[in-house]
Amino acid sequence: MMKVLVTVKEVAEVEEDFEIEGTGIADRYLEYDLNEWDDYAVEEAVQIAETGDDIEVVSVTIGPERCEETIRMALAKGVDRAIRVWDDALAETDLLDVAAKTRILRAVVEAEEPDLVFTGVQAGDDSFGATGVSLADAVGFEWAAVVNDLDVDAVLDESVARVHRELEGGVDEVTEVDLPAVLTIQTGINEPRYASLRGIRQAQRKEIAEKHLADLGLDAEAVETDVRLTEMYEPESESDATIFEGSAEETAAQLAQVLREKGVGAE
Amino acid sequence: MSSDVLAVTEHRRGGLRDVSYELVTAGRELADEAGGDLHLAVIGGDVEAFAEDVNRKGVDYVHTVDRGEEFNHDVYVRAVEALHAELDPAVVLMPNSVNGLDYAPAVANALDLPLVTDAVAFEWDGALAATREMYNSKVETTVEVDAEAVAVTIRGGEWPGAEGTGDAEIAPFDVEIDEDALGSRVIGFEEAGGGDVDISEADVLVSVGRGIEEEENIELVQELADALDATLSASRPIVDNGWLPKNRQVGQSGKVVTPKVYLAIGISGAVQHVAGMKGSETIVAINTDSNAPIFDIADYGIVGDLFEVVPALIDEFEG
Ligand SMILES: Cc1cc2nc3c(=O)[nH]c(=O)nc-3n(C[C@H](O)[C@H](O)[C@H](O)COP(=O)(O)OP(=O)(O)OC[C@H]3O[C@@H](n4cnc5c(N)ncnc54)[C@H](O)[C@@H]3O)c2cc1C
């Protein structure tokens, strides 16, 4: 019996043109989707589950009801069941504070007692990149950040996570950590599947348990944050690029001239 | 609590990484605003040589922790915790590198400090206000911390590296670490495979990003590369999708390239991509989004659809 917990987040992507309202982007310019890194984390967990009959994959998200659609996608890809944590006390926070997220997820980990926790390396919207490792320290698990390779046999047979951590400059660090452990998963570690029609149908019957803070033994104090977003603005363009104007043919002709002057394409 | 700043340097395989010198500059800036000293920690590796090297202008103390050759996050967390207990600094400053992401959040949690990652600028006025980007560099934000002490990671390349020679006091710092209790073991390193081409040798790179949408469209940019007598490279998602091999990836976790001409086609210009190509002599961007950050570093740009512009460009050189 083994359990893998995958944290997932629904992230907002911003359209090309947008407006800022207060300290956020106006909702009409946002499109919501499963965080790119979490898609790989889900796939990695499901691949482990496929090696045996008694391996359960549970995903957890912190987010409002709107997120259920995104979580269903994870369920359709093979996650067994999901937990969605939400509370009125959370509606007022921007949840940028890693400590607040850690307290919530710690309560979930303590209730679920997984052997492995997968998170994405970062969320594509705020790019904080800290939740997984913070959680690991809070629950006393080992961890590895920015993992682009995992030896599944070693997980199953030796109870260790033998991983590659993708460092800068095309160098991987090969590291071994004891289980239970939190791994933050990097894109490219696998090829995330598309949900099959059958998977999508099955997902409708899978459980998404809604948990309030009280259900996790927490109160509003647990999510009080010391880190607040107080300002959002469009950075001043630093561009001094020459932008070619006109039709595709016209702009291509202008660019071609510059390229030729630089000796590009010269025989 | 003191008004001091403790900055943790970074090294790998025998050398200090550039961000270590940048941490000195950033740390000095904060220490001046807070009215305290700048302490550096050098953990593991050739600590004495590293300490001499990083003793640049503005450093007050260097604490060396002689533990192991390479980075190990358990050692780093214990060492920073112990230094924190001794110095009680207002700010613990760490790099937002891959290794930084592997220990900074654990340090913040262990010390019960609020954490701000990937700062590109900051101010200290009794508490920290940091500038950081969101939504793939489309917006900047100010993040304020309601606490007297904080942990921060800084983005590489945002502060200039400190120069000169400092007159810091360099001293070993003893940390008790039970080796048997370490749950993580670094076994070694592996270089990503070589492959057929070395994109860092190319004079002209045609580089393709997620704007290309489908694997079958790669042919189109390959055709352009052929017409320009250029080499084809890519942003990370193209490689993650398996549409081009890993040795074609430009960026932080791929290759650093400095060609005469770099054509970024359907690439947004994320910080990890830019880290690998900003040294190119001439940068050309083709992108439908006039706000894409790639235009900030481009010399020439076309705001337009690559599926129209690229065929027109091929015609220019082949027609
Ligand atoms: C630890 C870490 C390491 C990383 N290392 C790297 C790295 O080494 N290299 C790297 O590249 N990334 C790296 N990344 C990923 C990086 O953050 C970005 O996700 C990635 O660079 C985005 O690639 P992209 O620009 O191709 O895609 P996107 O950001 O999705 O941009 C696509 C662009 O195409 C444009 N576009 C869409 N359609 C068209 C069209 N028809 N015509 C013209 N333009 C169009 C869009 O406007 C957009 O700007 C790393 C991330 C992390 C967390």
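The values are calculated or read from the model by the stated rules, or taken from the named source; none is laboratory data. Because the structure is predicted, anything quoted here is derived from the model rather than measured. Cβ: placed from backbone, ideal geometry, glycine included. Neighbour counts: every protein chain shown.
Test of understanding: among B:T141, B:T117, B:T131, which residue is within 16 Å of the ligand (Cβ to nearest atom) and modelled with pLDDT of 95 or more?
Numbers: B:T141 fails: within 16 Å of the ligand (Cβ to nearest atom); B:T131 fails: within 16 Å of the ligand (Cβ to nearest atom).
After ruling out the rest, the residue left standing is B:T117.
So which residues in the stretch B:173-211 are loosely packed, with under 13 Cβ neighbours inside 10 Å and either in contact with a helix residue (DSSP H, G or I) (Cβ under 8 Å, 6 or more places away or on another chain) or more than 10 Å from chain A (Cβ to nearest Cβ) (or both), if there are any at all? Spell out the reasoning first.
At the first step, the residues of the stretch B:173-211 found to be loosely packed, with under 13 Cβ neighbours inside 10 Å are B:174, B:176, B:178-181, B:187-188, B:191, B:193-196, B:198, B:201.
Within the stretch B:173-211, B:D174, B:E176, B:D178, B:E179, B:D180, B:A181, B:G193, B:G194, B:G195, B:D196, B:D198, B:E201 meet the criteria.
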If B:H273 meets every condition in (1) part of a helix (DSSP H, G or I); (2) touching a helix residue (DSSP H, G or I) at 6+ places or on another chain (Cβ under 6 Å); (3) more than 8 Å from chain A (Cβ to nearest Cβ) apart from one, which number is that one? (2)
So B:G45 ticks every box in (1) in contact (Cβ under 8 Å) with a residue 60 or more places away in the chain; (2) crowded, with 22+ Cβ neighbours inside 10 Å; (3) more than 13 Å from chain A (Cβ to nearest Cβ); (4) in a loop (DSSP other than H, G, I, E, B) but one. Which box is left unticked? (1)
Are there helices (runs of 4 or more DSSP H) fully within the stretch A:100-206 with at least 2 residues that are buried (at least 19 other Cβ atoms within 10 Å of the Cβ), of a type in the set (K, R) and at the interface with chain B (Cβ under 7 Å from one of its Cβ atoms)? List them. none
Filtering the stretch A:170-196 down to residues that are of a type in the set (G, A, S) and touching a residue at least 60 places away in the same chain (Cβ under 8 Å), which residue is farthest from A:S134 (Cα to Cα)? A:S196
Options B:E148, B:E219, B:E144, B:E158: the member that is among the charged types (D, E, K, R), without any contact (Cβ under 8 Å) to a residue 24 or more places away in the chain and outside any strand (DSSP E or B): B:E219
Condition test on B:I286, is it in a strand (DSSP E or B), near the ligand (Cβ under 8 Å from one of its atoms) and not assigned by TED's automatic domain parsing to the domain that holds B:R13? yes
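Please work out which residue is surrounded by the fewest Cβ atoms within 10 Å (Cβ to Cβ), limiting yourself to the stretch B:105-116 and to residues that are touching a helix residue (DSSP H, G or I) at 6+ places or on another chain (Cβ under 7 Å) and facing chain A (nearest Cβ under 7 Å).
Keep residues of the stretch B:105-116 that are touching a helix residue (DSSP H, G or I) at 6+ places or on another chain (Cβ under 7 Å), which gives B:105-111, B:114-115.
Subsequent filtering for residues that are facing chain A (nearest Cβ under 7 Å) retains B:105-106, B:108-110, B:114-115.
On the way: B:P105: 33, B:A106: 24, B:A108: 28, B:N109: 24, B:A110: 18, B:P114: 23, B:L115: 26.
That would be B:A110.
Assess whether A:E250 counts as being over 24 Å from B:A292 (Cβ atoms), over 24 Å from the mean Cα position of the chain (by Cα), assigned to a helix (DSSP H, G or I) and without any contact (Cβ under 8 Å) to a residue 12 or more places away in the chain.
Against the criterion (over 24 Å from B:A292 (Cβ atoms), over 24 Å from the mean Cα position of the chain (by Cα), assigned to a helix (DSSP H, G or I) and without any contact (Cβ under 8 Å) to a residue 12 or more places away in the chain), A:E250 does not qualify.
Okay, residues lined up against (1) touching an Asp or Glu at 6+ places or on another chain (Cβ under 7 Å); (2) more than 13 Å from the ligand (Cβ to nearest atom):
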| position | (1), (2) |
| --- | --- |
| A:A123 | no, no |
| A:N148 | yes, no |
| A:V152 | no, yes |
| A:V155 | no, yes |
| A:D172 | yes, no |
| A:P180 | yes, yes |
| A:T187 | yes, no |
| A:S196 | no, yes |
Please specify each residue of the stretch B:226-241 satisfying the condition of being closer than 23 Å to A:W37 by Cα, more than 7 Å from the ligand (Cβ to nearest atom) and either buried (at least 24 other Cβ atoms within 10 Å of the Cβ) or touching a residue at least 24 places away in the same chain (Cβ under 8 Å) (or both). B:S233, B:A234, B:N241
Could you list, in sequence order, the residues of the stretch B:298-319 that are within 13 Å of the ligand (Cβ to nearest atom) and either in a loop (DSSP other than H, G, I, E, B) or touching a residue at least 12 places away in the same chain (Cβ under 8 Å) (or both)? B:A298, B:G301, B:I302, B:V303, B:G304, B:D305, B:L306, B:F307, B:V309, B:V310, B:P311, B:L313
Residue that is nearest to A:P114 (Cα to Cα), among those in the stretch A:8-24 that are surrounded by 15 or more Cβ atoms within 10 Å (Cβ to Cβ) and within 16 Å of the ligand (Cβ to nearest atom): A:K9
Residues (over 16 Å from B:A298 (Cβ atoms), within 11 Å of the ligand (Cβ to nearest atom) and not small (G, A, S)) located in the stretch B:244-275: B:K246, B:R248, B:Q249, B:Q252, B:K255, B:V256, B:Q272
